[in-house]
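A short write-up of the structure that comes next.
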Ligand SMILES: [Cu+2]
Ligand SMILES: [Cu+2]
């Protein structure tokens, strides 16, 4: 079942070098891996790469004429990223291994705040790094959204705030930031932090890869923002060729940043899959796996397989733009359809990469707050697996009017509509779990309810888009934009905030302020509807997406949406105030298990100790068995190393052949720690 | 009945029949909503009824709305009802009702109902796509679903029969050429002239041949219920049939194509067949001196370095004194 993690030991203490201890020899700070060295080497790397690019391609006619050397920029970006990773210490271990050296031993793990800026194998620290990183990326993307809504306050000719290049760059950065930087918004922070805790492991399978997956995101973020300095990019997040081929240098930043994120996603998912498959504690059978872990697993399957396709597409684009291959240029034997196909073959699974974690959070939290058994555990997991599988067969629904494979449209209509069957499972599970439960309206449960209501509208409007005749009207319009904001913002982001309110007490030991949480929720929920319902209408009335100027008859609806967007921004400010106030100012101790959850992650100390569990726990029962009157079994025995009697009972349960999810182990199991059952 | 299945050991005490309550509210709400949608929303829904494909899209949208209403109401009512009746507003958590096994009947019927809806929508959508010849969407170079009288091959599309008022079946071919940031139209039945204005006759089946000279655009005359991407080097065909009503319509670009994407708009007009014929023949004569200098009418065009949108790959184009660098 799970490998013996007791074998994992912290590295032996560092022996001081000959002639004295570390402290005696004064070593400046910069040769040590740290973030400032990373930034310095990144900057130096950029200069070096840019110089190399100029040496290689400086006299190419295609660059000489325009003074825009894409080769220099791309090599600059790549060497800068490499320099940053060297500086932060990402390569010490692998490079030492390659040359057959003993890898440099880590000094004692840094304590205090500095460890959050370090390349660290501690999964909880990486979880925090991801959480703060994702919030920064999200708020940055949100600023760009506000800029868009501000520009769209007024229809035509009256008052422009931006020029069209800037506006399109803002649109592109908003989309790219939200769709790529935010891809791991849940699996990054909560997956890395809580998956080991929820499956009873002490760490992730590949801690260095875990650190690398996070530390690839800051360079991607900087590179994406840097596109503004070199003219921006006009394509939006979809990067359609051949518009991308003729775009100015900002396009290169889009390629490199997106490719780095693709790499980060692949790395995260490999780590996540290995951890979930191999590191489950004894007794954590597949039929006891928490729903959140199922979500992390299915999402990771998608993020392992979809981003490589994107990576290839971006590589093609880079080749087109630098050495002059013409993969996307019809006049020279390429095809504009190639990018569309490659992009959406990644892009549609990407959409579900953003939806599945939301499903998972919602299914994880709902039983805790209804205090009722999760209805249809198997159906719930099957729904996620079904969505994961089906999402590979639908990508051409983005191309219904493109003229490619017109005869295949019924097929893609069918597959797209079929995917709503497994998605429907998620609603069956939610509705039956609510029924005759005892729902408590805490801040996290409000976000979960909002998730279901928003995603419903997103999902149903998706069925409209899958219907070709309707798609002829709404394709490429604000209807589409409203649709996917309902699924991603209304779904994923609401689930994300639900998860923050739910797990922050566990991660910090401090309570979030409830009143501010309520205000945050209600302002965000109402403002969200105010923003995107008008956009459904304006799209249905014929306004295309990504418009800089629009007909005056659509002004009122757009202004309503803009007002809603500002209100969302206010709700975000309330959230930040709540976070800072609760964590820095008030610091009110949270009780051990404020939601009375049965989840394994709640059974250990708060905040979790460095090794998560003193011993590998023995999982005894299903995480969602709330209110079982027949046998009140704790979720796990935290005393770890089981007594022979317990082991025998557990083994009997495992090999009993029963697929039932609630079969109790024998009486020898003992009460253990019953954190969940107050 | 669902709630009985969820709680097989339900106590005998009288509890309100929750499921029946929700069902009745749902039935009433659905009936009202669907009646409102059919009688009051349908006639005004986008994109109107000014062409066959627009009317078809409008009908589809209406049917989907009528199917969506019961689904939305079911979930909303269920959630709302549960929040009211199955909630715990106290501070002490209480456990919800326990049950031993997930009801198989509920799971199976849920899957059956959702599958039925999904496959029903698929059959309906496919019929509505094929019967009206592609529902106004771009069908690529060789459309497989064509209206009567439409040319069956690219060759035939290149050499259409002449169009005159009253000729039947009267198919008019219009080539739509997108480029940054402008739409132009070429008329193979009128000497291959190229115009910047768009006039269409009433009661006529139109074949739009949509192509691009540079990047991907998308031709979207909203009121006509037509949308077809303009890909460079590709002829993307879309059909629609105008009604007897004359009107003006706006066409836009629906695929991000650069900074003035939002400005690729124009106004087209559907006029009587006679008026259209007069306009077309007059324009043909007026433009004849210019038409001679255009490249011959073709389904796609490849611009050169010296033409519109050219210059992306100068080293592969014919060398000119200026671009023979290394
Ligand atoms: Cu899709
Ligand atoms: Cu355009």
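Points worth noting:
- Checking each residue in segment A:383-412 for being in a loop (DSSP other than H, G, I, E, B), touching a residue at least 12 places away in the same chain (Cβ under 8 Å) and more than 7 Å from every other protein chain (Cβ to nearest Cβ) picks out A:391, A:392, A:393, A:394.
- Of the numbered criteria (1) touching a helix residue (DSSP H, G or I) at 6+ places or on another chain (Cβ under 7 Å); (2) away from every other protein chain (no Cβ under 14 Å); (3) surrounded by 22 or more Cβ atoms within 10 Å (Cβ to Cβ), the one residue B:209 fails is (2).
Listed here are the residues, each with its yes/no results for (1) under 20 Å from residue A:494 (Cα atoms); (2) surrounded by 24 or more Cβ atoms within 10 Å (Cβ to Cβ).
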{"residue": "A:403", "(1), (2)": "no, yes"}
{"residue": "A:415", "(1), (2)": "no, no"}
{"residue": "A:418", "(1), (2)": "no, no"}
{"residue": "A:426", "(1), (2)": "yes, yes"}
{"residue": "A:432", "(1), (2)": "no, yes"}
{"residue": "A:442", "(1), (2)": "yes, no"}
{"residue": "A:448", "(1), (2)": "yes, yes"}
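- Residue, nearest to the other protein chains (Cβ to nearest Cβ), within segment B:87-124, restricted to residues that are outside any helix (DSSP H, G or I) and under 43 Å from the mean Cα position of the chain (by Cα): B:102
- Candidates B:134, B:140, filtered to the one that is in contact with a helix residue (DSSP H, G or I) (Cβ under 6 Å, 6 or more places away or on another chain), in contact (Cβ under 8 Å) with a residue 40 or more places away in the chain and crowded, with 18+ Cβ neighbours inside 10 Å: B:140
- Segment B:214-248, residues that are more than 26 Å from residue A:539 (Cβ to Cβ) and more than 10 Å from chain A (Cβ to nearest Cβ): B:244, B:246
- Flag if residue A:393 is within 16 Å of ligand 1 (Cβ to nearest atom), surrounded by fewer than 22 Cβ atoms within 10 Å (Cβ to Cβ) and closer than 22 Å to residue A:289 by Cβ: no
- Yes/no for residue B:48 being assigned to a helix (DSSP H, G or I) and more than 8 Å from chain A (Cβ to nearest Cβ): no
- Within this structure, residue A:482 fails the test of being outside any loop (DSSP other than H, G, I, E, B), out of contact with any strand residue (DSSP E or B) (no Cβ under 7 Å at 6 or more places or on another chain) and within 9 Å of chain B (Cβ to nearest Cβ).
- Any hit, segment A:363-370, residues being in contact with a strand residue (DSSP E or B) (Cβ under 8 Å, 6 or more places away or on another chain) and either crowded, with 24+ Cβ neighbours inside 10 Å or part of a loop (DSSP other than H, G, I, E, B) (or both): yes
- Criterion violated by residue A:47 - all others in (1) surrounded by fewer than 22 Cβ atoms within 10 Å (Cβ to Cβ); (2) assigned to a loop (DSSP other than H, G, I, E, B) satisfied: (2)
- Residues in segment B:163-215 that are in a loop (DSSP other than H, G, I, E, B) and closer than 20 Å to residue B:289 by Cα were compared, and the one that is nearest to ligand 2 (Cβ to nearest atom) is B:196.
- Any hit, segment A:132-145, residues being part of a loop (DSSP other than H, G, I, E, B) and in the same structural domain as residue A:558 (by TED's automatic domain parsing): no
- Lone qualifier among A:306, A:312 - being closer than 29 Å to residue B:303 by Cβ, part of a helix (DSSP H, G or I) and without any contact (Cβ under 8 Å) to a residue 60 or more places away in the chain: A:312
- Among the residues of segment A:426-435, those identified as assigned to a helix (DSSP H, G or I) and within 7 Å of chain B (Cβ to nearest Cβ) are A:427, A:428, A:431, A:432, A:434.
- Residue among A:473, A:415, A:423 that alone is assigned by TED's automatic domain parsing to the domain that holds residue A:520, assigned to a helix (DSSP H, G or I) and either under 22 Å from residue A:240 (Cα atoms) or within 16 Å of ligand 2 (Cβ to nearest atom) (or both): A:473
- Failed item, numbered, when residue A:297 is tested on (1) more than 16 Å from ligand 1 (Cβ to nearest atom); (2) in a helix (DSSP H, G or I); (3) farther than 27 Å from residue A:497 by Cα: (3)
- Flag for residue A:312 being surrounded by fewer than 23 Cβ atoms within 10 Å (Cβ to Cβ) and farther than 26 Å from residue A:367 by Cα: yes
- The one condition in (1) away from chain B (no Cβ under 12 Å); (2) within 16 Å of residue A:423 (Cβ to Cβ) that residue A:464 fails to fulfil: (1)
- Residue within segment A:635-644 that is part of a helix (DSSP H, G or I) and at pLDDT below 85 present: yes
- When segment B:249-259 is limited to residues that are crowded, with 16+ Cβ neighbours inside 10 Å and within 8 Å of chain A (Cβ to nearest Cβ), the one that is farthest from the chain's Cα centre (by Cα) turns out to be B:259.
- Checking each residue in segment B:260-280 for being at the interface with another protein chain (Cβ under 7 Å from one of its Cβ atoms) and either without any contact (Cβ under 8 Å) to a residue 12 or more places away in the chain or within 16 Å of the chain's Cα centre (by Cα) (or both) picks out only B:262.
The values are calculated or read from the model by the stated rules, or taken from the named source; none is laboratory data. Because the structure is a prediction, the values reported are computed rather than measured. Quick reminder, even Gly has a Cβ in these numbers, built from the backbone with ideal geometry, and neighbours come from all protein chains shown.
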